[in-house]
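Accompanying notes for the structure given below.
Just so it is clear, none of the values below were taken in a lab; they were calculated from the coordinates. Keep in mind that this is a model prediction, so the values were computed, not measured. Cβ atoms come from the backbone with ideal geometry, glycine included; neighbour counts cover every protein chain shown.
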Amino acid sequence: MAEKIINSMKTEFSAKSVNEAFARTAVASFAAQFDPSIAVIADIKTVISEAVTNAIVHGYAGREDREACPVYIQCKITESGKLTVRIKDKGRGIEDVETAMQPLYTTDSEGERSGMGFTIMQSFTDGIKVSSKLGKGTAVTLEKRLTGR
Amino acid sequence: MEIKYEKYGEETVAFVIGEIDHHNAKAARERLDGIIDRECPVRFALDLSGVSFCDSSGLGLVMGRMKKCNSTGCSMVILNPSNAAFKILEIAGMDKIIKIERGKQNG
Ligand SMILES: Nc1ncnc2c1ncn2[C@@H]1O[C@H](COP(=O)(O)OP(=O)(O)O)[C@@H](O)[C@H]1O
Ligand SMILES: [Mg+2]
């Protein structure tokens, strides 16, 4: 049964690394209205940073025209205090999502990526869904309970 | 993000203060590598007590410096990681492959 949504927020920005801090702070401020614990806010900041960094680094890899590469964020909060955030890019997409989500798996060779982004997103949230299409882009949907129960 | 360092004989302690994300990891990497190259310490300690935010870019930063230290025969330790830094190190099992020291105040 779908729960009632009591608030929502959308933002769109260019795939520039300087926007990583903006993105995680914006989502954390939106979530703050439900009065989550400091630990929950810290987890939210981390997972948003992971997903947005992936869109910027991997989704739009090799792109020079970064101001023309959009990253979309959509947030919703339900009545019972569940936050859902979708982070979407229109980049290159992921060929095999299951493989990409394995711990330590990375396609980056020189940027000092650790391959732990998806593992962190999985363990710091209450749910993750990844849908991707080669040449079309990637959407990561994260769920996090804002209340104690 | 800011990086400072101090020398205690054969040991060099570098302090990372602020947020470690992909945006500022590259500058942090260059600065830390510059310090290691210049000082050639026997022991390199990375103090993470001032880290207010850390994502997996911080893991890459720590692993990369560990590799660099290993290749030059210098031993590396982590000092006083903040909650933000430790949670990320722990999830990757880094707390088992790099020495983490707490409570010791240098200087
Ligand atoms: N938005 C995205 N677009 C394209 N590829 C992606 C995206 N997000 C993740 N990937 C792929 O999944 C891999 C694993 O991601 P992650 O676990 O965050 O590790 P890392 O970012 O350190 O490589 C990446 O190396 C990349 O190949
Ligand atoms: Mg990543």
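Summary of computed values
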{"quantity": "Beta bridges by DSSP in the protein assembly as shown, antiparallel share as percent, to the nearest 5", "calculated": "70"}
{"quantity": "Approximate spin-label separation A:Gln102-A:Val18, in nm, with each point projected 7 Å along Cα-to-Cβ", "calculated": "3.8"}
{"quantity": "Difference of contour (0.36 nm per residue) and Cα-Cα distance, B:Asn83 to B:Glu10", "calculated": "23.4 nm"}
{"quantity": "Residues of type lysines that A:Lys129 reaches as a straight line, Cα spacing below 22 Å, ignoring anything fewer than 8 places off in the same chain", "calculated": "A:Lys4, A:Lys10, A:Lys45, A:Lys76, A:Lys82, A:Lys88, A:Lys90, A:Lys144"}
{"quantity": "Calculated FRET efficiency for the pair B:Glu90/B:Val42, C-beta based, R₀ 22 Å, to 0.05", "calculated": "0.20"}
{"quantity": "DSSP beta bridge pairing in region B:2-101, given as percent antiparallel to the nearest 5", "calculated": "30"}
{"quantity": "Restricting region B:1-95 to GluC sites (Glu not before Pro) in coil, as DSSP defines it, with at most 12 other Cβ within 10 Å", "calculated": "B:Glu10"}
{"quantity": "Sites matching trypsin sites (Lys or Arg not before Pro) across region B:25-59 that sit in DSSP coil, with at most 15 neighbouring C-beta atoms within 10 Å", "calculated": "none"}
{"quantity": "Fluctuation leader among A:Tyr60, A:Tyr105, A:Tyr72 - chain A, Gaussian network, Cα springs under 10 angstrom", "calculated": "A:Tyr105"}
{"quantity": "Dipole magnitude (debye, nearest 20) for chain A, charges at Cβ of Lys, Arg, Asp, Glu", "calculated": "500"}
{"quantity": "Distant-in-sequence amide H partners of B:Val77 (H built 1.01 Å from N, under 5 Å)", "calculated": "B:Phe44, B:Ala45, B:Leu46"}
{"quantity": "Whichever aspartates and glutamates have a C-alpha closer than 12 Å to that of B:Lys4, once near sequence neighbours (fewer than 8 apart) are set aside", "calculated": "B:Asp47"}
{"quantity": "Among A:Val27, A:Val52, A:Val18: highest mean-square fluctuation, GNM of chain A, C-alpha pairs under 10 Å", "calculated": "A:Val18"}
